[in-house]
Amino acid sequence: MDDAIKENENTKPVAEMTAGEMLRNARTTGRRKRELQTIAKLLCIKEEFLQALEDGNYTVLPEVVYILGFARNYAMELGLNPDEVIGKIKRELGLVGECRVVTEDASRIIKKTEGASCRIGRDAQPEKSLKISDIMPMLKNAWAYIARHWQWATGIAGGLLLVILMLVIVFSGPSKTVAEPDINGADVTALSEPTEPAYTQPVRELFGTENRDRATIILQANKNAGDVGTWVQIEDARGKKLFSKIMFPGDIFYMPNGNGYKGTFGNVAGIDFWVEGKLAPTVKANRNAKVLITADNLLKPADGQ
């Protein structure tokens, strides 16, 4: 039966062929006969969709934009005039009005021309646009309804204004953290940033910043460190190195909390020790001698550490 269909199609003039007959004839005749499955993979279109186009069974396909898009790509692949195929399909679908097809990627979007309503079917009605004359009666009816129920309308409006006022107050209030009493009745003030001491040198680089929020002892290289800087090495109670760096004037190191930390300094006079925000007396120690870095030891340094 398929051979009979092909023979019947081949004997028809192109002008009398349907869009599907043109597509099938182009695919199955000539020197370059091709299978639906091969073209479906090439165009990334389902084989049943291509078969539906050839059969003129447009109910199997999705919306009109997809029908025209698939047909255009199929016609171009077969070397046919896509506009001619699209025109036949639009006539077969009974499209009313002058429509033009605009290419956007692989799909085609049907747009209405000026003064024409693009619809499918015989019973299509022209689209209605909302006019000012239609809006005015709606506004009048709404105003009349509000006038009849002015009491609860006023209450709703007042409630909305009150809610808006409260939101403005909440979101425009001060961003500072409010001090709250702790369980013992003492005021606790939360600080958004750690308090820094009044350093003797402008800050240059920061080290040990992971300890910044809770550090009670801070080291800063002062002007005595000079252009060559001073070597600083911090060890824990087990002798493990936590920090080893040449610090230049202005460099800061935040000490981790806890006892047992010792520091070795190439030039201890080039380091300022800040204990809980206060500058400790100058530490006296020999070159490369280990210094116990605790609050008690720094505030009361002894010779020969």
Residues in the range 91-104 that are under 23 Å from residue 51 (Cα atoms) and either at pLDDT 85 or above or not in a strand (DSSP E or B) (or both): how many?
4
In the range 56-71, how many residues are open to solvent by 30 Å² or more (accessible area, probe 1.4 Å) and either under 19 Å from residue 16 (Cβ atoms) or at pLDDT 90 or above (or both)?
2
Subset tally (residues that are over 17 Å from residue 79 (Cα atoms) and among the basic types (Lys, Arg)) for the range 15-50:
2
In the range 232-239, is there at least one residue being among the acidic types (Asp, Glu), within 16 Å of residue 196 (Cα to Cα), open to solvent by 10 Å² or more (accessible area, probe 1.4 Å) and without any contact (Cβ under 8 Å) to a residue 40 or more places away in the chain?
no
So, restricting to helices (runs of 4 or more DSSP H) that lie completely within the range 34-90, which ones have at least 1 residues that are closer than 15 Å to residue 24 by Cα and acidic (Asp, Glu)?
47-55, 64-77
Going through the range 206-231 one residue at a time, which ones are in a strand (DSSP E or B) and either among the basic types (Lys, Arg) or surrounded by fewer than 18 Cβ atoms within 10 Å (Cβ to Cβ) (or both)?
206, 207, 231
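The values are calculated or read from the model by the stated rules, or taken from the named source; none is laboratory data. Since the model is a prediction, treat every value here as computed from it, not as a measurement. Methodologically, a virtual Cβ is constructed for each residue, glycine included, from the backbone with ideal geometry; neighbour enumeration extends over all protein chains shown. Calculation scope for accessible area: heavy atoms of the full protein, side chains included, ligands and nucleic acids excluded. Shrake-Rupley method; radii C 1.70, N 1.55, O 1.52, S 1.80 Å.
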